[in-house]
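Values quoted throughout were computed directly from the atomic coordinates according to the rules given, and no laboratory measurement underlies them. Since we're looking at a predicted model, the values are computed, not measured. Cβ placement follows ideal geometry from the backbone for every residue including glycine, while neighbour counts extend to all protein chains displayed.
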Amino acid sequence: MNATSEIRRVDSPAVVQEAEERLRTVREEVGPNVDIGVDFHGRVAKPMAKRLAKSLEPYEPMFIEEPVLPEHNDALPEIAAQTTIPIATGERMFSRWDFKAIFEQGTVDVIQPDLSHAGGITEVKKIASMAEAYDVALAPHCPLGPIALASCIHVDTCSPNALIQEQSLNIHYNQTSDVLDYLVDTKVFDYHDGYVDVPSAPGLGIDLNESYIEEQAERTVNWHNPVWRHDDGSVAEW
């Protein structure tokens, strides 16, 4: 879940209380046996990240994700000093050299490399092995298609420190084209109680629906990233 909507660099106590109330409501609804990841999306400045980390701790989220942007990873030790909540980051880090710095800090508990951005299967497996040596868990970032998801699952399978795998089946931004639409056999990603079997067919274990892919290739797509703006119209560096 999101930690909060956009907040100012230093904001009011009411903003912190609102975020705390949101997490408290979810925790009371699901109980202590369900994990809740809380994502800051790098949209919270260091002063508020410290305050939020401390205020959310009583509700024991699984982790706080991207409490600051990777450009500000040097602030992670200061944020970690405010809380016992595990800290996760890494979806916008692109090689084992990027991750090396945070491993040496000793403040990150979960890394989230995106296999499609961070060098593919080989590079992410190297990152996962480095993380294991530093007692850091692996939770690959993957709000993407079936090739990326299958690749992540295979890396998870051979990584003893794999914690959890993100996937985007039936999520809101897939309303026009879901992950399963690209597959001949959609049962390969059948989840049961939060778990999925490792694909066992040759290669990545998936069979792509080539005719559907060809149809999608004919669509006009705007490949530009969105421009995020603050309430005052200024560009948000997210």
Could you sort 189-196, 45-52 so that the peptide with the highest average Cβ count within 10 Å comes first and the rest follow in order?
45-52, 189-196
Just subtract the alpha-carbon distance of His72 and Asp197 from 0.36 nm times their residue separation and send over the number in nm, one decimal.
41.3 nm
Using a ≥ b ≥ c from the Cα gyration tensor of region 1-130 (square roots of the eigenvalues), is it rounded, prolate or oblate, where a/c under 1.5 gives rounded and otherwise the larger of a/b and b/c decides, a/b for prolate?
prolate
Does region 156-238 come out rounded, prolate or oblate, given a ≥ b ≥ c as the square roots of the eigenvalues of its C-alpha gyration tensor, rounded meaning a/c under 1.5 and, failing that, prolate meaning a/b above b/c?
oblate
I'd like to compare 104-114, 12-22: which one has the highest average count of other Cβ atoms within 10 Å, and what's the full order after that?
104-114, 12-22
Where does the chain land on Rg/Rh, using Cα atoms and the Kirkwood Rh?
0.98
From Cα pairs below 8 angstrom and at least 6 apart in sequence, can you work out the relative contact order of the chain, rounded to a whole percent?
12
Grab the eigenvalues of the alpha-carbon gyration tensor for region 39-109, scale each by 5, take roots, and send me the semi-axes largest first in whole angstrom.
19, 12, 11
Net lengthening on full extension, Asp98/Val34 (0.36 nm per residue, minus Cα-Cα)
19.9 nm
Zone reached by a paramagnetic label modelled 7 Å from Asp231 Cα along Cα→Cβ, restricted to region 1-36 with backbone N below 14 Å, covers 5-16
Calculated from DSSP H runs of 4 or more alone, at -39500 (n - 2.57) each and per residue, what is the 222 nm mean residue ellipticity of the chain, nearest 500?
-10000 deg cm²/dmol
